[in-house]
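To start, the structure itself, in structure tokens.
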Amino acid sequence: MARILVTNDDGYFSPGIDALAAALGALGEVTIVAPQTEASAVGHALTLRRPLRFVAIKPGVWAVDGTPTDCVNIALSQLYPDGVDLVVSGINKGLNVGDDVTYSGTVAGALEAALLGYPAMAVSLDYPGEGADFRPAAAVAADLAAGLLASPLPVRSFLNVNIPDGRFRGVRATVQARRNHVTKIAKRIDPRGLPYFWVEEAEDDWEHSEVSDHQAVRDGYVSVTPLQPDLTDHDLVGRMEKLTALVKVE
Ligand code: MN
């Protein structure tokens, strides 16, 4: 029986993780290890400066008071020292497309698993708000999970899956979209006269691309993007001589 670890960044109590675990239950033994409180947009953070607690919530469900990356590491070391067959992160309340994947705790959960050598997938839903039905997205995740179990991707590669709300028209293999990156910071004054700041929602201004993850979801398609952890600009490596020559070697 396949051993499947499920995590997320919205917290162990999120309806998205319940729907995901239920759908994956048809494929094997599913264990949830997820953050105790919401950890959206924590990216690939590890908690290094305080202890972590690992709490059993109910059979098959555990919480860690840390990040998705903490969850994957604690789950694999404490529950699955012999490894798992698949790690799935989600289903996130909201898309994780394009440039935004580096902020995503959901994607980082799958990234960490991929770095540790396990087949992995992140799943996000274009979230319509409270009361959303995660079951259609969970069924998509289960279909793709079955595919990963049957024929794994190359080591260190993993999937980032984004799903439109409601009915979808098909599935597209995509690349990351690029967003016109304007981050707005709101400055306010607290009751003691001191300033405080809120990072506001990013502007929804994407470069047009027929092959992008963002466009696929906009067109009503499930977006499946193969990712890998290497951020190196491989084309540039061979063209760094001018720059590297500027550094004086004594
Ligand atoms: Mn989230």
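Counting only residues that are within 21 Å of Lys93 (Cα to Cα), in contact (Cβ under 8 Å) with a residue 40 or more places away in the chain and not hydroxyl-bearing (Ser, Thr, Tyr), give me the helices (runs of 4 or more DSSP H) lying completely in the range 132-250 with at least 3 of them.
Because the criterion is at least 3 residues that are within 21 Å of Lys93 (Cα to Cα), in contact (Cβ under 8 Å) with a residue 40 or more places away in the chain and not hydroxyl-bearing (Ser, Thr, Tyr), the helices (runs of 4 or more DSSP H) in the range 132-250 that meet it are 135-150, 213-218.
Examine the range 175-188 for a residue that is over 30 Å from Gly220 (Cβ atoms), surrounded by fewer than 16 Cβ atoms within 10 Å (Cβ to Cβ) and among the hydroxyl-bearing types (Ser, Thr, Tyr), and state whether such a residue exists.
Checked the range 175-188: no residue is over 30 Å from Gly220 (Cβ atoms), surrounded by fewer than 16 Cβ atoms within 10 Å (Cβ to Cβ) and among the hydroxyl-bearing types (Ser, Thr, Tyr).
Please find, among Ser104, Ser89, Ser77, the residue that is in contact with a Gly (Cβ under 6 Å, 6 or more places away or on another chain) and among the small types (Gly, Ala, Ser).
Going through Ser104, Ser89, Ser77 in turn, just one is in contact with a Gly (Cβ under 6 Å, 6 or more places away or on another chain) and among the small types (Gly, Ala, Ser): Ser89.
Which residue, of Val42, Val72, Val84, Val55, is out of contact with any Cys (no Cβ under 9 Å at 6 or more places or on another chain), within 13 Å of the ligand (Cβ to nearest atom) and either more than 15 Å from Ser124 (Cα to Cα) or in a helix (DSSP H, G or I) (or both)?
Exactly one of Val42, Val72, Val84, Val55 is out of contact with any Cys (no Cβ under 9 Å at 6 or more places or on another chain), within 13 Å of the ligand (Cβ to nearest atom) and either more than 15 Å from Ser124 (Cα to Cα) or in a helix (DSSP H, G or I) (or both), namely Val42.
Filter the range 1-16 down to the residues that are within 10 Å of Thr106 (Cβ to Cβ) and in a loop (DSSP other than H, G, I, E, B), then identify the one that is farthest from the ligand (Cβ to nearest atom).
Residue satisfying both the conditions and the ranking: Asn8.
Only the coordinates and a few stated rules stand behind these numbers; no lab work does. Keep in mind that this is a model prediction, so the values were computed, not measured. In this analysis, Cβ positions are derived from the backbone assuming ideal geometry, glycine residues included, and neighbour counts consider all displayed protein chains.
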